[in-house]
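Presented below is the structure to which this report refers.
The values are calculated or read from the model by the stated rules, or taken from the named source; none is laboratory data. Remember, predicted model here, so these are calculated numbers, not experimental data. With ideal geometry, Cβ positions are generated from the backbone for all residues, glycine too; neighbour counts draw on all protein chains shown.
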Amino acid sequence: MRLHRNLCFAVIDGLTLIFNEGNYADKVIQQLLKRDKRWGSRDRAFVAETTYDIVRWKRLYAEIAEVKEPFDRDNLWRMFAVWATLKGIKLPDWKYFEGTPTRKIKGRFDELSKTRKFRESIPDWIDIIGLEELGEATWTKEIAMQNEQADVILRVNTLKTTKEKLQNILFDLNIETEFIKGYPSALKLTERANVFVTDAFKQGFFEVQDASSQLVADFLDVKPGMKVVDTCAGAGGKTLHIAALMQNKGQVIAMDIYESKLKKLKIRAKRNGVHNFDLRVIDSTKPIKKLHGKADRVLIDAPCSGLGVLRRNPDAKWKLQPEFIDKIRVTQQEVLQQYSKMVKPGGKLVYATCSVLPSENQNQVHKFLTSESGKEFTFVKDKKVLAHESGFDGFYMALLEKSTK
Ligand SMILES: C[S@@+](CC[C@H](N)C(=O)[O-])C[C@H]1O[C@@H](n2cnc3c(N)ncnc32)[C@H](O)[C@@H]1O
């Protein structure tokens, strides 16, 4: 591979914004990709993937390059040189790479790779929490997988098309996909491609949604005609799936504390041809109380650490703080306690997270079930999805049923 100066500059600019200004990697990359209209798909892929790679391996590369935060541009070029060297890319004779100690880089890499927190490039506290909660063997495999690049998975919108038809449409655009056994609405891209520019996307034939995330709506066991409340709907990834499973019949009430997210949901619902939904901002306890005992199904896709989806959000490793996880565990129990009240007798509740930590998952469900408001519920089943076992995002989902009295 030959390095192109303007693309490498874009990467360094992006890293400055992500590491030093605290900007979100996905937003920064979106902006970077708009920089030069002449860039082809390979150029764009280089900028996006290299930036993500260096974000993902920040701690390891900084250790190897012997640089410390806040990084100046020279530091970032040194980290870039580490990335290129470890990838086996020949460094051009630019001034930024003068005196790069290629052999030393490889030696430091081998040495640091003996220690998990350096090898997997994670803060000490994440390594400690993962070890405590999952145990040595599982954590070692899981965090390694969380550092792999995630596949692009589509969820076919069955309100508008079928998996087979969409596969053919994409094939004609040179986008090859395959079915995934056990995931009825999923298509996996065999090679990364920008699917958002296709007409098929604009017409709402699919959404990009990881395979594990697609399991949640199925778990909720919805039927056409039901009243379903999606309590932490965000921009509606799962709301849209639920609506499709309900064949647009019945009602899905999508709630969130942020109106801005629900506005995005509205746009996506229009594209998806979803009509059976209502949006409610949770700005007091009122919208919840109004629905007490009314819903056939309630989904709590709870806010969480996101420690199951680091493949997609590698900068979360650096943004996340232990205090945030402590806080979010409290919120998780609160939403379980409060939102479960919306389930009607005989109805069902799913609690889900995109975390792999038992303290955010089964422990929360156990705590709820042994509390006063949990007494009316029985545990039906749960699913602990680890990325290294499934090949997809880390997720948790539990199905509970409310007694008929
Ligand atoms: C895991 S995300 C939801 C993702 C979304 N369900 C999807 O499938 O795209 C969790 C959501 O919970 C929302 N949230 C945080 N605290 C909340 C609360 N107390 N009540 C309701 N929603 C909350 C966040 O704004 C965020 O959108």
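A few comments on the model shown:
- Test result for Q332, under 25 Å from V229 (Cα atoms) and buried (at least 20 other Cβ atoms within 10 Å of the Cβ): yes
- Helices (runs of 4 or more DSSP H) completely within region 237-298 that count 1 or more residues being touching an Asp or Glu at 6+ places or on another chain (Cβ under 6 Å): 237-245, 259-272
- Test result for D13, over 24 Å from P123 (Cβ atoms), assigned by TED's automatic domain parsing to the domain that holds D110, not in a loop (DSSP other than H, G, I, E, B) and not aromatic (F, W, Y): yes
- Of everything listed in (1) surrounded by fewer than 23 Cβ atoms within 10 Å (Cβ to Cβ); (2) more than 30 Å from Q149 (Cβ to Cβ), the single unmet condition for L349 is (1).
- D218 in the same structural domain as G394 (by TED's automatic domain parsing), among the charged types (D, E, K, R) and closer than 24 Å to D151 by Cβ: yes
- Any chance K227 is surrounded by fewer than 23 Cβ atoms within 10 Å (Cβ to Cβ) and within 16 Å of the ligand (Cβ to nearest atom): no
- Region 305-317 residues that are under 16 Å from K58 (Cβ atoms), paired with ones that are among the polar types (S, T, N, Q) and at pLDDT 95 or above (beta carbon under 7 Å, 6 or more apart): L310/Q146; R311/Q146
- Here D172 passes the criteria (1) free of Cβ contacts under 8 Å to residues at least 24 places away in the same chain; (2) touching a helix residue (DSSP H, G or I) at 6+ places or on another chain (Cβ under 7 Å); (3) of a type in the set (D, E) except the one numbered (2).
- Of all residues in region 101-124 being surrounded by fewer than 18 Cβ atoms within 10 Å (Cβ to Cβ) and assigned to a loop (DSSP other than H, G, I, E, B), the one that is nearest to the chain's Cα centre (by Cα): P123
- Selection within region 16-41 - assigned to a loop (DSSP other than H, G, I, E, B) and of a type outside the set (A, V, I, L, M, F, W, C): E21, G22, N23, Y24, K34, R35, D36, K37, R38, G40
For (1) among the small types (G, A, S); (2) touching a helix residue (DSSP H, G or I) at 6+ places or on another chain (Cβ under 8 Å), each residue gets a yes or a no:
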| site | (1), (2) |
| --- | --- |
| L3 | no, yes |
| N6 | no, no |
| G14 | yes, yes |
| F19 | no, yes |
| D36 | no, yes |
| T51 | no, yes |
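Each row is one residue, and each column tells you yes or no for (1) of a type outside the set (A, V, I, L, M); (2) within 20 Å of A295 (Cβ to Cβ); (3) out of contact with any Pro (no Cβ under 6 Å at 6 or more places or on another chain).
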site: C354; (1), (2), (3): yes, no, yes
site: S359; (1), (2), (3): yes, no, yes
site: T370; (1), (2), (3): yes, no, yes
site: F379; (1), (2), (3): yes, yes, yes
site: H388; (1), (2), (3): yes, no, yes
site: G394; (1), (2), (3): yes, no, yes
site: T404; (1), (2), (3): yes, yes, no
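- Residues of region 292-304 satisfying the condition of being small (G, A, S) and surrounded by 24 or more Cβ atoms within 10 Å (Cβ to Cβ): A295, A302
- Residue-level check: of (1) within 14 Å of the ligand (Cβ to nearest atom); (2) touching a residue at least 40 places away in the same chain (Cβ under 8 Å), S260 misses just (2).
- Among (1) closer than 20 Å to F97 by Cβ; (2) touching a helix residue (DSSP H, G or I) at 6+ places or on another chain (Cβ under 9 Å) - the single one N23 does not satisfy: (1)
- Restricting E360, E401, E372, E376 to those that are more than 17 Å from Y183 (Cα to Cα) and touching a Cys at 6+ places or on another chain (Cβ under 8 Å) reduces the list to E360.
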